[in-house]
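The values are calculated or read from the model by the stated rules, or taken from the named source; none is laboratory data. Keep in mind that this is a model prediction, so the values were computed, not measured. Cβ coordinates were reconstructed from backbone atoms using ideal geometry, including for glycine residues, and neighbour counts include every protein chain displayed.
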Amino acid sequence: MNNSVIIKGTKSGIILLLDPSLDFAELKGKIADKFQASTGFLGDAVMALSFEGRKLSDQEQREILDIIYETTDLNIVCIVETDERKEAVMEKCLNERLMELSANTGQFYKGNLRSGQVLEVETSIIILGDVNPGAKVVSKGNIIVLGTLKGNAYAGVSGNIHAFVLAIDMEPVQIKISDVIARCPDRPKKAGKHAERNPQIAYLENGNLYIEPLSRDAINDIKLF
Amino acid sequence: MGEVIVITSGKGGVGKTTTTANVGTGLAKLDKKVVLIDTDIGLRNLDVVLGLENRIVYNLVDVIEGNCRIKQAIIKDKRYPNLYLLPSAQTRDKTSVTPEQMKKLADELREEFDYILMDCPAGIEQGFKNAIAGADSALVVTTPEVSAVRDADRIIGLLEANDLKNTHLIVNRLRQDMVKKGDMMSADDVVEILAIDLIGVVPDDENVVISTNQGEPLVGNDTLAGQAYMNICHRVIGEEVPLLDLNIKGGFMSRLTSMFKKY
């Protein structure tokens, strides 16, 4: 059996897998053979065509199309390009757009998150309650805790370095923003001593995670795209 | 219709069984008809704490499997006419019973008893799921230690996830002297972390160990812990009893002074 030409079906059309090592003239012959053999199976469907495995010039693409017209009743309406570089750019754009959405839209959660509970959200999250030790909040956007944050908070998990974590009472076990993770000091505060209880904000700057009191300056530095 | 209360903690050794025995006995003393169910299959011990070990013929698993009638398995306490115990099986394990079966059993017992107390095993596995299946409310027992509080927090979360929202907290084995020195969390500290209603604080009291070993619950006698348990019982049946913290302080100080007087 010869595998230099393979026809693969997709939802919207067919993909032609071509052997890159063969001479184009030789390949044309094989394409013709292949389609000849599958005419009955393919019928006169309307579909899109794309090429894989080999870079083709416009001239070559046209020649292959001619072969298909000659050998089958297929109606090829368009040629879909699969360009990896373009795809990467598309994906990046999409991700950035999603990141923007996740940072700028949010939802509320009312109640305490207890040990073992994990709250995962696609957007920013505002928690009306405490996040206890052993609990975890994971958000693609920002995390705001209107209570005590004593557990883990992961903000901007899809790579948003502008995400922040804000809490009325900041005593976290771990905070992660984008890919940077920070943990609390090993020496905990003496139990029951809440000397200062100021809202604090955690943010990322030059790859370092900072926690500081929520001041006007800190608010000015927040970037919401 | 009776109320089903599960007594649970997550962590082991914080005093679930002792609490069950004392709260159950206390409620019986308050003229309520009470049955205690030991759901810790394989690690039976509520019967020992109550001093009823030698009367066990049938057990929980026998009832569930239909080897006997409920009436046959339930042991009547020799001292309190209103107190009954359904002991657990010693030779089986937690998988012998399903949550559905426990719920059915609890619903049957509701007809006859005012209170059904479930003594929950430690952990969050099958035994825990069995114990909470039929419960209307929960008493969460914890000691003022970070490990016990952490586990209690997890348990409260799991109870909430199972639609058991009526949960109350018992802080057990509190040592007021250590709290004063700042070496132990106070009941308030624990409540602040767990954010549920406090129903009682039981001081660390050697009389508890003595009474447990004798198989005679100390609820209602003149020891500090006995009074603390009795107060919990009053609150369970809906009476308003002043908070105990001050009592502990006063009681402890008077005990201290009486100790000094001795020497």
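If a residue must be under 30 Å from A:GLU91 (Cα atoms) and within 14 Å of chain B (Cβ to nearest Cβ), how many such residues does region A:108-123 contain?
The number of residues fulfilling the criteria is 2.
Taking the conditions exactly as written (more than 19 Å from the chain's Cα centre (by Cα), of a type in the set (Gly, Ala, Ser) and part of a strand (DSSP E or B)), does A:GLY134 satisfy them or not?
no
Select, from A:GLU91, A:GLU81, A:GLU70, A:GLU63, the only residue that is more than 14 Å from chain B (Cβ to nearest Cβ) and within 13 Å of the chain's Cα centre (by Cα).
Only one candidate passes the filter, namely A:GLU91.
Within region B:228-263, how many residues turn out to be buried (at least 21 other Cβ atoms within 10 Å of the Cβ) and at pLDDT 90 or above?
Within region B:228-263, residues that are buried (at least 21 other Cβ atoms within 10 Å of the Cβ) and at pLDDT 90 or above number 7.
Please go through region B:184-208 and give me each residue that is within 14 Å of another protein chain (Cβ to nearest Cβ) and under 20 Å from B:GLY13 (Cβ atoms), ordered by number.
B:MET184, B:MET185, B:ALA187, B:VAL190, B:ILE193, B:LEU194
Could you please let me know if A:LEU56 is surrounded by 15 or more Cβ atoms within 10 Å (Cβ to Cβ) and not in a helix (DSSP H, G or I)?
yes
If you check B:ALA133 against the conditions, is it surrounded by fewer than 24 Cβ atoms within 10 Å (Cβ to Cβ), of a type in the set (A, V, I, L, M) and within 20 Å of B:ARG44 (Cβ to Cβ)?
Criteria met by B:ALA133.
Here's a check for you: in region A:129-141, which residue that is among the charged types (D, E, K, R) and within 18 Å of B:ALA195 (Cα to Cα) is farthest from the other protein chains (Cβ to nearest Cβ)?
Across region A:129-141, the extreme among qualifying residues is A:LYS136.
Mind counting the residues in region B:170-183 that are away from chain A (no Cβ under 13 Å) and of a type outside the set (S, T, N, Q)?
Residues meeting the conditions: 6.
Take region B:8-49 and flag every residue that is assigned to a strand (DSSP E or B) and touching a Cys at 6+ places or on another chain (Cβ under 7 Å).
B:THR8 - this is the single residue of region B:8-49 that is assigned to a strand (DSSP E or B) and touching a Cys at 6+ places or on another chain (Cβ under 7 Å).
Which residue out of B:LEU109, B:LEU105 is in contact with a strand residue (DSSP E or B) (Cβ under 6 Å, 6 or more places away or on another chain) and either part of a helix (DSSP H, G or I) or surrounded by 17 or more Cβ atoms within 10 Å (Cβ to Cβ) (or both)?
After applying the criteria, what remains is B:LEU109.
Given the residues A:ILE168, A:ILE144, A:ILE126, which is the only one that is assigned to a strand (DSSP E or B) and either within 14 Å of another protein chain (Cβ to nearest Cβ) or more than 20 Å from A:LEU224 (Cα to Cα) (or both)?
Being assigned to a strand (DSSP E or B) and either within 14 Å of another protein chain (Cβ to nearest Cβ) or more than 20 Å from A:LEU224 (Cα to Cα) (or both) holds for just one of A:ILE168, A:ILE144, A:ILE126, which is A:ILE168.
Any residue at all in region A:91-101 that is in contact with an Asp or Glu (Cβ under 8 Å, 6 or more places away or on another chain) and surrounded by 15 or more Cβ atoms within 10 Å (Cβ to Cβ)?
No, because not a single residue in region A:91-101 is in contact with an Asp or Glu (Cβ under 8 Å, 6 or more places away or on another chain) and surrounded by 15 or more Cβ atoms within 10 Å (Cβ to Cβ).
Given the criterion within 24 Å of B:GLY238 (Cβ to Cβ), hydrophobic (A, V, I, L, M, F, W, C), crowded, with 17+ Cβ neighbours inside 10 Å and within 12 Å of chain A (Cβ to nearest Cβ), identify the matching residue among B:VAL140, B:VAL149.
Going through B:VAL140, B:VAL149 in turn, the sole match is B:VAL140.
What number of residues in region B:119-145 are under 12 Å from the mean Cα position of the chain (by Cα) and in a strand (DSSP E or B)?
Matching residues across region B:119-145 total 6.
Checking B:ALA138 against (1) within 21 Å of B:ASP204 (Cα to Cα); (2) touching a helix residue (DSSP H, G or I) at 6+ places or on another chain (Cβ under 7 Å); (3) among the small types (Gly, Ala, Ser), which single condition isn't satisfied?
(1)
Determine which single condition B:SER211 fails, assuming it passes every other condition in (1) away from chain A (no Cβ under 14 Å); (2) buried (at least 22 other Cβ atoms within 10 Å of the Cβ); (3) within 30 Å of B:GLU100 (Cβ to Cβ); (4) touching a Pro at 6+ places or on another chain (Cβ under 8 Å).
Every listed condition holds for B:SER211 apart from (3).
Look at B:ARG55 and say whether it is closer than 17 Å to B:LEU36 by Cβ and of a type in the set (Lys, Arg).
When the stated conditions are applied, B:ARG55 passes them.
Could you tell me which residue of region A:147-164 is farthest from A:LEU98 (Cα to Cα), considering only residues that are of a type in the set (Val, Ile, Thr) and more than 14 Å from chain B (Cβ to nearest Cβ)?
Checking each candidate, the answer is A:ILE161.
When you scan region A:46-62, do you find a residue that is outside the structural domain of A:GLY159 (by TED's automatic domain parsing), closer than 30 Å to A:SER158 by Cβ and either of a type in the set (D, E, K, R) or in contact with a Lys or Arg (Cβ under 6 Å, 6 or more places away or on another chain) (or both), even just one?
Scanning region A:46-62, I find at least one residue that is outside the structural domain of A:GLY159 (by TED's automatic domain parsing), closer than 30 Å to A:SER158 by Cβ and either of a type in the set (D, E, K, R) or in contact with a Lys or Arg (Cβ under 6 Å, 6 or more places away or on another chain) (or both), so the answer is yes.
Can B:VAL57 be described as among the aliphatic types (A, V, I, L, M) and over 28 Å from B:GLY157 (Cβ atoms)?
Criteria met by B:VAL57.
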